[in-house]
Amino acid sequence: MTFICIAAKNIMRMALRFILFVIIACIFQTGQKIHAQDFPNALALIQYLKGVNESRVPIYFRAEMSIDYFTNNKGPEKGKQTFICGESQILEYDLPSGINAKVHIQDSQVLILKSERVFETKRIDIENFLLFGIHKQDPEKSIGILKQLGIDTEIIDEAIRLGRSMWVIGAYRRDANTPQIWIDKERLVIKKIHYINLPQQKLEQMEWSDYKKNGDFYVPLQCELRSDPELLFRLKRENPEFPKQLPDEIHKLLNF
């Protein structure tokens, strides 16, 4: 009996997802404007993002990077940034000494110094998740990550940011002190996030800009991190590319 009940619930859930997908697809194809009230919750909106963008997300993204820090007297850093989109991120630093690389794999970050692992910690790779993963992975898994970041996935609102129309998940548009993400309605990309930095239990804000178009998908070339009102760092990407294969040194870092 228990098995039958579970099976019935799964069938009902799949049927509701299919109906929602058909409704949103019809709206999208007929060119009608989609509003926040068209989605009952964040899960429905993220299912829509995944349905549109899953086939558009590149496999790899690679660029030269430069990071300017605005606190703790830390000097600028340069190097290369590589994404296995939605899965891993590798930061290679052009430093004569210090950390040579940071490798994010799933929810872990590994620091590598002179070809040795020196530190590993549990940490959500927020940028890889919001730029790529949210468009590819199971929407229910994405909802789980948003909840970990303190976002109320039952709230959806609309707002304007720098002249562009946005959906807002997690807060109402004037509430800047609550965890939330902003989604560009036209480009269907995450524009910014306010989230709780779990180790420090404080609200931080990450925002992306200067987008590079690859097919029908947009990848930002600039990212800023703030702990309001203070700007912590600005990361810029130059000479972006979407390679079919990755260099051998990247595979070596991933297999550490």
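The values are calculated or read from the model by the stated rules, or taken from the named source; none is laboratory data. Quantities reported herein were computed from a predicted structural model and do not represent experimental measurements. Virtual Cβ from ideal backbone geometry, glycine too; neighbours counted across all protein chains shown.
Among residues belonging to the stretch 102-125 that are of a type in the set (A, V, I, L, M, F, W, C) and surrounded by 20 or more Cβ atoms within 10 Å (Cβ to Cβ), point out the one that is nearest to Lys192 (Cα to Cα). Among residues in the stretch 102-125 that are of a type in the set (A, V, I, L, M, F, W, C) and surrounded by 20 or more Cβ atoms within 10 Å (Cβ to Cβ), the one nearest to Lys192 (Cα to Cα) is Val103.
For the stretch 158-193, taking the residues that are loosely packed, with under 14 Cβ neighbours inside 10 Å and among the small types (Gly, Ala, Ser), the one that is nearest to Lys212 (Cα to Cα) is identified as Gly163. Can you confirm whether Asn239 is polar (S, T, N, Q), surrounded by 15 or more Cβ atoms within 10 Å (Cβ to Cβ) and touching a residue at least 60 places away in the same chain (Cβ under 8 Å)? Answer is no for this residue.
Taking every residue in the stretch 133-155 that is in contact (Cβ under 8 Å) with a residue 12 or more places away in the chain and pairing it with any residue that is among the polar types (S, T, N, Q), at least 6 positions away or on another chain, the pairs with Cβ-Cβ distances below 7 Å are Ile134/Ser142; His135/Asn53; Pro139/Gln47; Ile143/Thr153; Leu146/Thr153; Ile151/Gln180; Thr153/Asn41; Glu154/Asn41. Here Gly144, Gly150, Gly133, Gly98 are screened, and the one residue that is among the small types (Gly, Ala, Ser), modelled with pLDDT under 95 and either under 22 Å from Val189 (Cα atoms) or touching a Ser or Thr at 6+ places or on another chain (Cβ under 7 Å) (or both) is Gly150. If you go through the stretch 160-170 and keep only what is in a loop (DSSP other than H, G, I, E, B) and within 18 Å of the chain's Cα centre (by Cα), you end up with just Gly170.
Every residue, every condition in (1) outside any loop (DSSP other than H, G, I, E, B); (2) basic (Lys, Arg), yes or no:
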site	(1), (2)
Trp182	yes, no
Leu188	no, no
Lys191	yes, yes
Tyr195	yes, no
Glu204	yes, no
Asp210	yes, no
Pro220	yes, no
